[in-house]
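What follows is one structure encoded as structure tokens, with my remarks underneath.
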Amino acid sequence: MSALDYKEYGANYSREELVKIVAKQMSEKRFEHVLRVEETAIKLAKIYHVDSNMVSLAALLHDYGKERPDKDYLKLIEENPKYQSLTPYGNNIWHGILGALLVRDELQIENEEVLHAIKVHTTGAIFMNLLDKIIFIADYIEPGRSFQGIDEVRDLAYSGKLDEAIALSLVQTLQFLIKKRQIIFPYTIEVYNHFVNLGGN
Ligand code: GDP
Ligand code: FE
Ligand code: FE
């Protein structure tokens, strides 16, 4: 993957440099997940004709903020009152939406498409471009994940049915969260409604 280049996307790092930066932010296990998301996202990028450089950049950075302590996020919310409504939802929701701010401010990556893909990688969004969708689904289907129903999502994603893959992943994620009595971020439900409607239910 040495041919990857991020300059076009405003990132002044080689892939090697970026990989080191990301590795420092997280456990080895999570870092391996990030590399598998990148590999999966690049496969999808070829199917859906999206630039592999941009996909690699967003994939490597998607969980940049995942291991930040809660207190850091609570401080960030305090400094940016427009994010106050995120307070009850915890790291699951913070690490994407606020993680994108950390990437921008700490790594000086300003590309709006890349930042948006990071921002929405957990919940999805009603308006997602192909980059957003590829990162969202690559995170869900990377080969290290194994749970019931995942192969159907993989088959859909690899056969040109990206929106259907997203709809099914949202169904399964909501079922999983509800079964565990976890708090649901309201926007996750809006995204679910949007994608199940697209599926013609
Ligand atoms: P990861 O960061 O690679 O583990 O994957 P994600 O960023 O996609 O998801 C992180 C966690 O957030 C997963 O356990 C999801 O099931 C969970 N999640 C997704 N949507 C919501 C939501 O609306 N509320 C909560 N509390 N968790 C969610
Ligand atoms: Fe994540
Ligand atoms: Fe992830």
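Assorted remarks:
- Pairing each residue of the range 35-47 that is under 11 Å from residue 139 (Cβ atoms) with any residue that is surrounded by fewer than 17 Cβ atoms within 10 Å (Cβ to Cβ) and modelled with pLDDT of 95 or more, provided the two are 6+ apart or on different chains, yields C-beta distances under 6 Å for 36/143; 36/144.
- Screening the candidates 102, 107, 162 for the property of being of a type outside the set (Ser, Thr, Tyr), touching a Phe, Trp or Tyr at 6+ places or on another chain (Cβ under 8 Å) and surrounded by fewer than 17 Cβ atoms within 10 Å (Cβ to Cβ) yields one hit, 107.
- Among the candidates 151, 132, residue that is assigned to a helix (DSSP H, G or I) and surrounded by fewer than 16 Cβ atoms within 10 Å (Cβ to Cβ): 151
- Qualifying residue in the range 94-117 (condition: within 14 Å of ligand 1 (Cβ to nearest atom), on the phi > 0 side of the Ramachandran plot and of a type outside the set (A, V, I, L, M)): no
- Selection count where residues are at negative phi and outside any helix (DSSP H, G or I), scope the range 171-186: 5
- Cβ separations smaller than 6 Å between residues 6+ apart or across chains give the following pairs from the range 108-129 residues that are away from ligand 2 (no atom under 16 Å from the Cβ) to residues that are at pLDDT below 95 and part of a loop (DSSP other than H, G, I, E, B): 109/11; 110/10; 111/10.
- Filtered residue count, the range 159-171, keeping only those that are more than 9 Å from ligand 1 (Cβ to nearest atom) and either under 10 Å from residue 123 (Cβ atoms) or of a type outside the set (Gly, Ala, Ser) (or both): 7
- Failed condition for residue 167, given (1) modelled with pLDDT of 95 or more; (2) farther than 22 Å from residue 36 by Cβ; (3) more than 17 Å from the chain's Cα centre (by Cα): (3)
- Only one of the numbered conditions (1) within 26 Å of residue 35 (Cα to Cα); (2) assigned to a helix (DSSP H, G or I) is not met by residue 189, and that is (1).
- If the condition is being in contact with a Ser or Thr (Cβ under 9 Å, 6 or more places away or on another chain), assigned to a helix (DSSP H, G or I) and either touching a residue at least 40 places away in the same chain (Cβ under 8 Å) or polar (S, T, N, Q) (or both), then the range 1-34 contributes 15, 18.
- Filter pass, residue 69 being within 13 Å of ligand 1 (Cβ to nearest atom), surrounded by fewer than 12 Cβ atoms within 10 Å (Cβ to Cβ), of a type outside the set (Lys, Arg) and at negative phi: no
The values are calculated or read from the model by the stated rules, or taken from the named source; none is laboratory data. The shown structure was predicted, so the numbers you read here are calculated from the model rather than taken from an experiment. Note: ideal-geometry Cβ built from the backbone for every residue, glycine included; neighbour counts use all protein chains shown.
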